[in-house]
Number of protein chains: 2
Amino acid sequence: MNDVARIAGVSRGSVSNYINGQKTRPDTQIKIEKAIKALNYVPNATARALKTSRSNYVIFIIPTVNTPFFSELSYHVQLELKKFGYKMILCNSNSEPTEELEYIQMANTQKVAGIITMSYADVADLVSPNIALVSIEKKVSDNFPMVISDNYQGGKLAAQKLHDSGAKHLLFASKSPIKDISSVRQQGFVDYCTENNLTYDTFLSRDIPNFIDDFRDFILENKSDHAFKYDGVFSDSDEYANAFWHILLQYDINVPADVQIIGFDAARTYQRQPTFLSAIRQPIEKIASEAVTRLLLQLPHPEQHSQKNSVTVLPVTFQQGVTTKTDRH
Amino acid sequence: MNDVARIAGVSRGSVSNYINGQKTRPDTQIKIEKAIKALNYVPNATARALKTSRSNYVIFIIPTVNTPFFSELSYHVQLELKKFGYKMILCNSNSEPTEELEYIQMANTQKVAGIITMSYADVADLVSPNIALVSIEKKVSDNFPMVISDNYQGGKLAAQKLHDSGAKHLLFASKSPIKDISSVRQQGFVDYCTENNLTYDTFLSRDIPNFIDDFRDFILENKSDHAFKYDGVFSDSDEYANAFWHILLQYDINVPADVQIIGFDAARTYQRQPTFLSAIRQPIEKIASEAVTRLLLQLPHPEQHSQKNSVTVLPVTFQQGVTTKTDRH
């Protein structure tokens, strides 16, 4: 707090007032906010809780913790919040708007510190602009900051990796409907192909629980003996890419010698081992730390929209697994 | 509450007093507890919170949410708690005793409703017997109930499945040190082999982060061309079994035609699709619901040890994936 006061050129008392949500002169406020950003300073939860009426619980809303991506993200969000003295209340919404609404109402009535959400439902109208909130991957409204991976660049990178390692007959495989980040990932893939005169096909399964059956049918229609029509497959999720891979395995099609596969997320199924699937890696630790930082920066004055509306786009990387060729091959 | 009163043969007021932790005559109390158990009755969180000083937060301590087993379990624990109006505070302890102690202290000072723990650290001395607590898989002390899968039967079942589907050269593969539930699973496997005059070998990797390298070395030492010395592998975790499978794949050894593999947990990596690995399935939904029920039953009188010391052993099943033979083969 002393550093913030020094850099802002204001008194320590002004910084304290600001952090605890008390009225501050507009010019002082701007100076303090600049200093806070410059220092990447976040106030300690316990000190705040003593002076404000809000608890040090943060609600984290996700569709379900039961996927590698969400569980790895939850893990890092909890540890990141803990660094600053906050606890994470985990809420699985199952993408049900009624569930998400319920959690948001709970946030209001129980005076939690704030919300981090990967809500897939449209909840913009339900969220009071007075609450501190950060969304990941999908914008809630212009009132709140968002943290997102560079999905477009990820799609491009996948096409480039397949191209560089010799694939000539590319396939984009996913589940319909293609929307939101999926369509952005697809667009990156398509643009790379177009720019490099590569041909590609698209296969979308139906939107049914047993969508894997559609993958299987598609593979059977496009294989003869142990050969498959495509030698490079990109899917916009690890889940679909893994499913594709394991079906090819069952028909004795050689991965990666004959077909290379790249997924998206590269989330760790187990903490201690890398994924076997080659995939575009979302920077999960960085997403967690950015989301928490953006939330904590709002806490002094959650009602001030000017601090809120920002989009942080984080770069992705390629993670080599065993489903694409390396120099060894 | 009316049903409890009727079955117990006491007044509704006595039941209400009991549930809200007020003094009750010993004989009345025994009648009410019997009726509660008979009805599987659990009091509603909101009604309780109005009358007691404790919150409706329940702390769930796990080593890390970032494995399929723990994330699937967390998912079900949260939904189960929500049914009764409780919220789940998720705590990743990374198996650090200091972390677990911190969460337990937080439970005491912040007056949470209770704790569900899969603690791997020895925290018996740190937990006040006055708090409501249920452990999963590992006993905290004789003061608290535990819910656990039938690990011994799971080991037996794995050996039996490999035997029934024609495997003759069995291997138990795991990571050292073998202790706690791992040794129980191993013992079940060994006992089945002994009872049925089957020979088996045991391979344990070193206890290092790159334990997979040891698996790889072992496989290389025991293969010639595309043949592996063993045709049936059981591992006491999905993680090790998956690692084993994927290394065999990389050396073009045919699974399940030439080597069958069975893991343990059969946790779902993705909610919408079954696992590809054949494995002994822990009844995860049932573990969650039993743990929550056992916790809620303690809430009226968490200080009464007599209600606490119980062990619930849940049966396991075999889940067919693509790594063991079916009738199709």
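The values are calculated or read from the model by the stated rules, or taken from the named source; none is laboratory data. This one's a predicted model, so the numbers in the text were calculated from it and none came from an experiment. Please note: Cβ atoms are built from the backbone with ideal geometry, for glycine as well, and neighbour counts cover all protein chains shown.
What to note about this one:
- For segment B:201-240, a tally of residues being within 27 Å of the chain's Cα centre (by Cα) and not acidic (D, E) returns 17.
- For segment B:203-224, a residue qualifies if it is of a type in the set (D, E) and farther than 12 Å from B:K175 by Cα, and the qualifying residues are B:D217, B:E221.
- Within segment B:224-246, the residues that satisfy the criterion of being crowded, with 18+ Cβ neighbours inside 10 Å and away from every other protein chain (no Cβ under 14 Å) are B:F228, B:Y230, B:D231, B:G232, B:V233, B:F234, B:D236.
- So B:E102, is it closer than 30 Å to B:S278 by Cα, of a type in the set (D, E) and within 14 Å of another protein chain (Cβ to nearest Cβ): no
Okay, residues lined up against (1) part of a loop (DSSP other than H, G, I, E, B); (2) surrounded by 20 or more Cβ atoms within 10 Å (Cβ to Cβ); (3) out of contact with any Leu (no Cβ under 6 Å at 6 or more places or on another chain); (4) among the hydrophobic types (A, V, I, L, M, F, W, C):
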residue	(1), (2), (3), (4)
A:S55	yes, no, yes, no
A:F60	no, yes, no, yes
A:T64	yes, yes, yes, no
A:F69	no, yes, yes, yes
A:E72	no, yes, yes, no
A:K82	no, no, yes, no
A:G85	yes, no, yes, no
A:M88	no, yes, no, yes
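- Verdict on A:S119 being surrounded by 18 or more Cβ atoms within 10 Å (Cβ to Cβ), in contact with a strand residue (DSSP E or B) (Cβ under 6 Å, 6 or more places away or on another chain) and part of a loop (DSSP other than H, G, I, E, B): yes
- Test: residue in segment B:230-240 that is farther than 15 Å from B:S278 by Cβ and of a type outside the set (K, R): yes
- Lone unmet requirement of (1) modelled with pLDDT under 90; (2) loosely packed, with under 15 Cβ neighbours inside 10 Å for A:F211: (2)
- Hey, A:L249 under 22 Å from B:N242 (Cα atoms), surrounded by fewer than 20 Cβ atoms within 10 Å (Cβ to Cβ) and either within 14 Å of chain B (Cβ to nearest Cβ) or over 25 Å from the mean Cα position of the chain (by Cα) (or both) or not: yes
- Residue pairs meeting the criteria (Cβ under 6 Å; at least 6 apart or on separate chains; first within 16 Å of A:F60 (Cα to Cα), in segment B:75-97; second basic (K, R) and outside any loop (DSSP other than H, G, I, E, B)): B:I89/A:K87
- For segment A:252-266, the condition of being touching an Asp or Glu at 6+ places or on another chain (Cβ under 9 Å), among the aliphatic types (A, V, I, L, M) and within 30 Å of B:Y251 (Cβ to Cβ) holds for at least one residue.
- Looking only at segment A:256-271, and only at residues there that are crowded, with 23+ Cβ neighbours inside 10 Å and at the interface with chain B (Cβ under 9 Å from one of its Cβ atoms), the one that is nearest to A:A159 (Cα to Cα): A:A267
- Complete set of residues in segment B:289-322 that are of a type in the set (A, V, I, L, M) and more than 23 Å from B:N108 (Cα to Cα): B:V311, B:V313, B:L314, B:V316, B:V322
- Residue, nearest to B:L297 (Cα to Cα), within segment B:25-45, restricted to residues that are of a type outside the set (D, E, K, R), at pLDDT below 80 and in contact with a Phe, Trp or Tyr (Cβ under 9 Å, 6 or more places away or on another chain): B:V42
- Taken across segment B:122-130, residues that are out of contact with any Leu (no Cβ under 6 Å at 6 or more places or on another chain), surrounded by fewer than 24 Cβ atoms within 10 Å (Cβ to Cβ) and at pLDDT 80 or above do not occur at all.
- Per the listing B:L314, B:L277, B:L296, the residue uniquely more than 14 Å from chain A (Cβ to nearest Cβ) and surrounded by 24 or more Cβ atoms within 10 Å (Cβ to Cβ) is B:L296.
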